[in-house]
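The values are calculated or read from the model by the stated rules, or taken from the named source; none is laboratory data. Values in this document were obtained by computation on a predicted structure and should not be read as measured data. Backbone-built Cβ (ideal geometry, glycine too); neighbour counts: all protein chains shown.
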Amino acid sequence: MAESGRAKFVLTNPVHFLALGFGSGLLKPAPGTWGTLACVPLFYLMTFLPAWGYVAITASVCGIGFYLCGRCAKDVGVHDHSAIVWDEFAGFLITMMLIEPTIINVIVGFALFRFFDIVKPWPIKWLDQKVHGGFGIMLDDMVAGLFAWLALQLFVLYF
C-alpha cells in the first residue's frame, strides 16, 4: 500500500507514540534521520549501564519493536510508513553496542547507520522487500545496524 500523508497517527496512543520515536518520525524531511537523532540521548543514558544492561535493553527495544511497528503500520494502513522510526532506534542501538561513547564515535556510528539504512546493500534491500509486517519493518534496520556496527568496529580499530 502506498504511503499516505494523511495517515492517522495518535500520539496519545502509547504504541503510536513509541513507534514514531516519541514523535520524532513526524519531522520532515528525512524522518528516519530525525528518529535516529532522537535515539542519541537514549544511547548516552544507556552508556551508564553495565554491558549486559545495554545488551538487554537493546534486545528489548528490538523485541518490542516487532509489535510496535507492526501494530502502528496496521492501525494506519501503511506498511513501513516513513514516520515509524522505532526501527531506527533499534538499528542505532545495535550500531553503538559496546562502543566507547565519544563524540567522534557517535557521529561516525550515526553516519554509518544512516548510510546502510538508506543505501540498503544486499541483503538489507532484499529483507526490506521480502519480509513483511512488524518483523520486516524491524529486520532491515537491525541488519543495517549490524553492518554499521562492523564498520564502526573497523573505524575504532584503525582510527
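General observations
- Some residue of region 55-71 being more than 14 Å from the chain's Cα centre (by Cα), among the charged types (D, E, K, R) and farther than 22 Å from Trp34 by Cβ: no
- Candidates are the residues of region 29-80 that are in a loop (DSSP other than H, G, I, E, B), in contact with a helix residue (DSSP H, G or I) (Cβ under 8 Å, 6 or more places away or on another chain) and at pLDDT 95 or above; the one that is farthest from Leu127 (Cα to Cα) is Leu49.
- Among the residues making up region 17-28, a single one is outside any helix (DSSP H, G or I), of a type in the set (A, V, I, L, M) and either loosely packed, with under 12 Cβ neighbours inside 10 Å or in contact (Cβ under 8 Å) with a residue 40 or more places away in the chain (or both): Leu20.
- For region 72-96, filtered to residues that are under 12 Å from the mean Cα position of the chain (by Cα) and under 17 Å from Asn13 (Cβ atoms), the residue that is surrounded by the fewest Cβ atoms within 10 Å (Cβ to Cβ) is Ala83.
- Within region 81-129, tally of residues that are more than 17 Å from Val156 (Cα to Cα) and not in a helix (DSSP H, G or I): 9
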